[in-house]
1. Counting each DSSP H run of 4 or more residues in the chain as -39500 (n - 2.57), what helix-only mean residue ellipticity at 222 nm follows after dividing by all residues, to the nearest 500 deg cm²/dmol?
2. So, in nm, how far is label D272 from label D119 when the simple model puts each one 7 Å beyond its Cα toward the Cβ?
3. Please count, across segment 241-358, the pairs of lysine residues with Cα atoms under 27 Å apart that sit 8 or more places apart or on different chains.
4. Subtract the Cα-Cα distance of N303 and H67 from 0.36 nm times their separation in residues, and report this length gain in nm to one decimal.
5. For G138, list long-range residues whose amide hydrogen, built 1.01 Å from N in the peptide plane, is under 5 Å from its own amide hydrogen.
6. So if each residue of separation counts as 0.36 nm, and I subtract the Cα-Cα distance between K149 and D310, what length gain in nm does that give?
7. Net charge around C289, counting only other residues with Cβ within less than 10 Å of its Cβ (Lys, Arg = +1; Asp, Glu = -1)?
8. For segment 149-214, which trypsin sites (Lys or Arg not before Pro) are both in a DSSP coil and crowded by at most 12 other Cβ atoms within 10 Å?
Amino acid sequence: MTDRRDFLKTMALGGASAIAGGSILSSCSNSENPIISGTESTLIVPKDNGLRITGTFLDEISHDIPHQNWGEKEWDQDFAYMKSIGIDTVIDIRCGYRKFITYPSPYLLKRGCYMPSVDLIDMFCRLAQKYGMKFYLGLYDSGVYWDTKDMSQEIECNKFVIDEVWKMYGEKYDSFGGWYISTEISRDTIGAVDAFHAMGKQCKDVSNGLPVFISPWIDGKKAIMGTDKKVNDKAVSVDQHEKEWNQIFAGIHDVVDAVAFQDGHIDYDELDAFFSVNKKLADRYGMQCWTNAETFDRDMPINFLPIKFDKLRLKLEAAKRCGYDKAITFEFPHFMSPQSVYGAAGNLYNRYKEYFNIK
């Protein structure tokens, strides 16, 4: 039997071979693996029946997926891949996490954070401008909330981060299009409304009203990270979810423009029930309703691998049925890109293009 270490090694080697060619088409058009002209999967479901993904997070400050160690050449190539399937929005998921940061922040460096070798925020803004996309800045995550459930530190740190990021990049690049409050919640967490409102208001005030969004998770049966459970036996009901998020939206809708619930914590036969509630609440409070269509698979015993295409299809079709405004994903570079460290990501990209008739 293949153990976990052998399996991951095989996956890594597969991903390495996918990027060996170095050009934007290298993973699918080199001489060793020629494409047979006209070959395409035969789908037995209607094509183009879901909401297309038009935004993606960019996760370069992570604690649970591998760094790909891309330079600007690889990032430029990935932006071209994104553009080719219609992505118009890129979101740096967080500009810093604990001591690792994405840009040379004067404030965070004084607090003991590590100096990054590359200014990723400047690079993302430039590439977004080059490819006609909008860039959203994810706020700093101190890690304190995850340890203590106290959000006061997130407000305090981001008072300085928001101001300096806007001066360093927002005033410089037209591609700087908005903000993402990176603190993730699922329920009516103590202090969440006040924290989201404080950070959202400052973002809008400093940037003359640029949009702000959040991406919470639904406390469903698959919300088991950090536990030894197979299933969340205290999963939220649809009615309770609606009650709690009605209260949260009531307190933040004036400074938060869109909500993109993560779609991976509920089962596929629950999508319509929860999605309908999310859309109803967003409409009630004048907010846009996005979906965060996760392109990694929460059903696998190994965290985290690219999702099975049919699972992604079911989620995007539900979002379209429920009238969602936009689909973003976590996240294209690792789980959909032809140059990802995971070989299956490029296959997901190809299946996505076939389904949506993208040439």
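Each value in this text was obtained by applying a stated rule to the coordinates, not by laboratory testing. Remember, predicted model here, so these are calculated numbers, not experimental data. Cβ placement follows ideal geometry from the backbone for every residue including glycine, while neighbour counts extend to all protein chains displayed.
1. The helix contribution divided over the chain gives -12000 deg cm²/dmol.
2. 5.1 nm
3. 25
4. Values: separation 236, 0.36 × 236 = 84.96 nm, distance 1.42 nm.
Fully extending the segment from N303 to H67 adds 83.5 nm.
5. D92, R94, C95, Y180
6. On the way: separation 161, 0.36 × 161 = 57.96 nm, distance 3.57 nm.
Residue separation times 0.36 nm, minus the Cα-Cα distance, leaves 54.4 nm.
7. Values: positive: K279, K280, K326; negative: D283, D325.
Counting the neighbours of C289, the net charge comes to +1.
8. Answer in residue order: K149.
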